[in-house]
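The values are calculated or read from the model by the stated rules, or taken from the named source; none is laboratory data. Predicted model only: the values in this text are computed from it and were never measured. For neighbour counting, all protein chains shown are included, and Cβ atoms are generated from backbone atoms with ideal geometry for every residue, glycine included. These area figures cover heavy atoms from the full protein model, side chains too; ligands, DNA and RNA do not enter into them. Shrake-Rupley method; radii C 1.70, N 1.55, O 1.52, S 1.80 Å.
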Amino acid sequence: MNQPTQVKVGATVYTIEDMHPIVDKLGDEWGNADYCANKITISTKLSTSRYREVLLHEIFHCIFYEWDMQPEDAEERTVSAFAFGMMAVMKDNPAVFKWLMK
């Protein structure tokens with residue numbers, strides 16, 4: 001299975017792209033979630049396993065944003081939002097999670 005090119009988080013579809021070469025060259029960022037452009041970018045310098053970890057990390061950021069989480073939210077609200085968010089993302093994107101588990 002090829003690397004996924006998009007992931008649906010809530011009602012939003014995010015494209016998954018390689019990080020711009022100039023940003024990637026700086027080396028201080030492994031991944032980024034851009035909520036305005038609906039885009040996740042990931043460094044091409046990472047090993048395959050690290051790339052997968054960073055993709056999942058960025059998906060978590062998207063869940064945080066899409067479920068309107070706030071830094072001051074209580075633990076129970078945070079855990080509930082991530083549980084519902086991850087269930088939705090996994091159901092909407094089985095191929096992405098199959099690729100992540102390789």
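So if I check each of Arg77, Arg52, which one is of a type in the set (Lys, Arg) and open to solvent by less than 40 Å² (accessible area, probe 1.4 Å)?
None of the other options fit; the residue is Arg52.
Give the residue that is farthest from Phe97 (Cα to Cα), with candidates limited to residues of region 18-56 that are assigned to a strand (DSSP E or B) and acidic (Asp, Glu).
Applying the filter and picking the extreme gives Asp34.
Filter region 69-100 down to residues that are part of a helix (DSSP H, G or I) and among the acidic types (Asp, Glu) and give me whichever is modelled with the lowest pLDDT.
Only one residue tops the list, namely Glu75.
Could you list, in sequence order, all residues of region 1-34 that are open to solvent by less than 90 Å² (accessible area, probe 1.4 Å) and of a type in the set (A, V, I, L, M)?
Val7, Val9, Val13, Ile16, Met19, Val23, Ala33 - these are the residues of region 1-34 that are open to solvent by less than 90 Å² (accessible area, probe 1.4 Å) and of a type in the set (A, V, I, L, M).
Just one of the numbered conditions (1) within 20 Å of Thr15 (Cβ to Cβ); (2) over 15 Å from the mean Cα position of the chain (by Cα) is not true of Lys102; which one?
With respect to (1) within 20 Å of Thr15 (Cβ to Cβ); (2) over 15 Å from the mean Cα position of the chain (by Cα), Lys102 is out only on (1).
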